[in-house]
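Below is one structure; the comments refer to it alone.
The values are calculated or read from the model by the stated rules, or taken from the named source; none is laboratory data. Computed from a predicted model, the values in this text were never measured in an experiment. So basically every Cβ, Gly included, is an ideal-geometry build from the backbone, and we count neighbours across all protein chains shown. Ligands, DNA and RNA are stripped out before the accessible areas are found, and what is left, the full protein with its side chains, is counted by its heavy atoms. Shrake-Rupley method; radii C 1.70, N 1.55, O 1.52, S 1.80 Å.
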Amino acid sequence: MSPRHPVLAGVGAYLPPRVVTNDDLAVGLDTSDAWIRGRTGIAERRFAGAGTSTADLAVEAGTLALKSSSESEADAVVLATATPDHPLPGTAPEVAARLGLAGAAAYDVSAVCAGFLYGLASAAGLIAAGYARRVLLIGAETFTSIIDPADRGTAVIFADGAGAVVLRAGDAGEPGAIGHTDLGSDGTHKDLIVVPGGGSRQRTSGEPAGPRDHYFQMAGRDVYRHAVERMSGSARTALEHAGWAVADVDRFVPHQANAKISAAVADRLGLHPGRVLSNIARTGNTSAASVPLLLAHAAADRRLRPGHRVLLAAFGGGLAWGASTLVWPDVTALTEG
Ligand code: COA
């Protein structure tokens, strides 16, 4: 039987060109550069302009990841996003078609900021089950389409962007082989991160739609606490499966929710702060796009190098979380923006 272990073979990232600084946001919001930097680590972020959708960003990142993998083909396209182009159909089929992959399996994965880890498990599973030999996995978001620009608790944090990886069938022992991916959820806290309107729950509630129901809402304090606990727990489980001690981890790639959350998770794990990668200062929180964006940016500027043992972890609405491991392979990351 030909090998069926999912192996990372390419990585790409795309950020839309418009840079929005903290000072830009402070013009219309009661906030400040000092508050945003101090509480989140964010200095600037990118906003996609009107007319640019999640599919548009996904196509850019997907093109770069395919190019990075030196092949233009894939049997499946998995798109992790919480901001699809439409409530239906899924956005992935359009992305696949625009990449010249019409006919490939294509579907969206919805797990908010944990979306990339859920997508990774799904894409890896397609290969392990023999359904696909090559999968393009994209995390893409236009969070500006659901953020209330008047809500200073969220408007300063979330932003737009896309990152992508190519997985191919290979051997478990080679660099890039994806380790066991730990996933978990706790729907009893579903209201901590929610867009209340637009779904069947609103229709059945009997209440008329409110003017802000289509906006993203977050209980930041509670989310922070759960994020630290779940990301560190999931990371520990992924490490156990890999047979790695915490000291074996060369680079930690956490979902970029908040620089303080990343530091707190590293602290709980007992991981040296110098091994924690970050790009939140220039990207903000890009939800499902954040992990592949960080992989691509860090590989491009050599903070992430072949042979590094990498721990990935993410957490988001649902609640949902996940973690995985891999040894970084010799790939050329392609980034734009
Ligand atoms: N600028 C200035 N002040 C702000 C502000 C802003 N952008 N946003 C909130 N505040 C104020 C609040 O109104 C509150 O004021 P008060 O004390 O007068 O009531 C004060 O700052 C503290 O608010 P709080 O929400 O408790 O702040 P915090 O220290 O918890 O930081 C977050 C807020 C959102 C940065 C933090 O909770 C966080 O990062 N949570 C996790 C969010 C996240 O990662 N979500 C995605 C998960 S995938």
Margin query: Can you show me the helix-derived [θ] at 222 nm for the chain, built from DSSP H runs with n ≥ 4 at -39,500 (n - 2.57) apiece and divided by the number of residues, rounded to the nearest 500.
Written below: -9500 deg cm²/dmol
Check: Can you list the trypsin sites (Lys or Arg not before Pro) in segment 203-297 that are in a DSSP coil and have 14 or fewer other beta carbons within 10 angstrom?
Finding: R212
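Once the piece of chain linking Y107 and D301 is laid out straight, how much longer is it, given 0.36 nm per residue of separation minus the C-alpha distance between them?
On the way: separation 194, 0.36 × 194 = 69.84 nm, distance 3.13 nm.
Here the answer is 66.7 nm.
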Notebook entry, point to check: Between V19 and E207, what is the spin-label point distance in nm, taking each point 7 Å from the Cα along the Cα→C-beta axis?
Noted result: 4.2
Check: Per the 1.4 Å probe, what fraction of the accessible area of the chain, in percent, lies on carbon and sulfur atoms?
Finding: 51
Next item on the list: Rounding to the nearest 20 debye, state how big the charge dipole of the chain is about its Cα centre with +1 on each Lys and Arg Cβ and -1 on each Asp and Glu Cβ.
Entry: 520
Note to self: Suppose every Lys and Arg Cβ carries +1 and every Asp and Glu Cβ carries -1, with no other charges. What dipole size does segment 181-282 come out with about its Cα centre, to the nearest 20 debye?
What the structure shows: 280
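Over the chain, what relative contact order in percent results from Cα pairs under 8 Å that are six or more residues apart?
Details: 883 pairs, mean separation 91.5, N = 337.
Computed value for the chain: 27 percent relative contact order.
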Checklist line | For D186, residues with placed amide H under 5 Å, excluding near neighbours | finding: L319, A320
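How far, in nm, would the chain grow between A129 and T332 when pulled straight, counting 0.36 nm per residue and subtracting the alpha carbon separation? Write out the running numbers ahead of the final one.
Numbers: separation 203, 0.36 × 203 = 73.08 nm, distance 2.76 nm.
In short, 70.3 nm is gained.
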Item checked: Per residue accessible area of the chain, 1.4 Å probe, in Å² -> 41
